[in-house]
Amino acid sequence: MKGYHIYCHIPYCKRKCNYCYFTAKFKEDEMTNISAMDRYVDSLVKDILQTDMPKSGLNTIVFGGGTPSLLNYEQLHKIIDAIRGKVSESSFDSIMHMAYEVSPDTGSFEILQNFREVGFNRVSVGVQSFDNKELKILGRPYTAEKIKEVMRDIRTLNYDLVNLDLLIATPGQTIDTIIHSVAEAIQLRPEHLSVSLFYKSYPGGKDFVEKCDKAGLKILDVEDKIYVYDKICN
């Protein structure tokens, strides 16, 4: 191979968000059983050590989830040290980018610094919305101010690239609140902005939408989704 990439999955969260479909196959106590992370990390390290990979040509390392920012200092170093032991020093030092996902409530300065020190230079922040009421509906345990605090810390630590994730057309959102969140995100000057569309057809999404609908929290119709997407692009 001329080049290859490594993805490490960290399938744990402090809690399951109300709308989440990524972990639809898992029970709440399975994905929030953070005490099992040590055993998971040990298994992941064992898997890395037993996997054949070229000494050179490693282009990127990405940690996704779940919530990779739940990894503590020791767990993070175990995984990175295992990867470093499989490739040449020059190959590791020439990696194009190392990226991971962080939820604002787990993005303490210490955690952000831990990832930066082992070589991560890109970070994706799962914002979803800058409206505190919408965050509460989604089950996200932080506020818009916390998002901005995390962004300030990220800039202090000199990450090369920051992505902000927004989720639109969720129950209770309006065109105005969506535009507000996009405007707030742009003011933070991220190098990349991801805007994803919520679908009630996601696994578990229908139940969430029906529950919200009973509470008077509607989702945008197709015409409004098209309109707001066009506004976002502009």
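The values are calculated or read from the model by the stated rules, or taken from the named source; none is laboratory data. Not measured: the values here are computed from a predicted model. For neighbour counting, all protein chains shown are included, and Cβ atoms are generated from backbone atoms with ideal geometry for every residue, glycine included. We work out accessible area using only protein heavy atoms, side chains counted, and drop any ligands, DNA or RNA first. Shrake-Rupley method; radii C 1.70, N 1.55, O 1.52, S 1.80 Å.
Based on what the data block shows, is SER201 under 18 Å from VAL102 (Cβ atoms) and of a type in the set (Ser, Thr, Tyr)? No; evaluated as a whole, the condition is false for this residue.
Which residues, taken from segment 99-129, are of a type in the set (Phe, Trp, Tyr) and either within 13 Å of the chain's Cα centre (by Cα) or closer than 19 Å to HIS9 by Cβ (or both)? TYR100, PHE115, PHE120, listed by residue number. Would you confirm whether or not segment 144-160 contains a residue that is at pLDDT below 95, open to solvent by less than 50 Å² (accessible area, probe 1.4 Å) and within 14 Å of the chain's Cα centre (by Cα)? No, the conditions are met nowhere in segment 144-160.
Against the numbered list (1) touching a helix residue (DSSP H, G or I) at 6+ places or on another chain (Cβ under 8 Å); (2) more than 29 Å from GLU134 (Cβ to Cβ), LYS16 comes up short only at (2).
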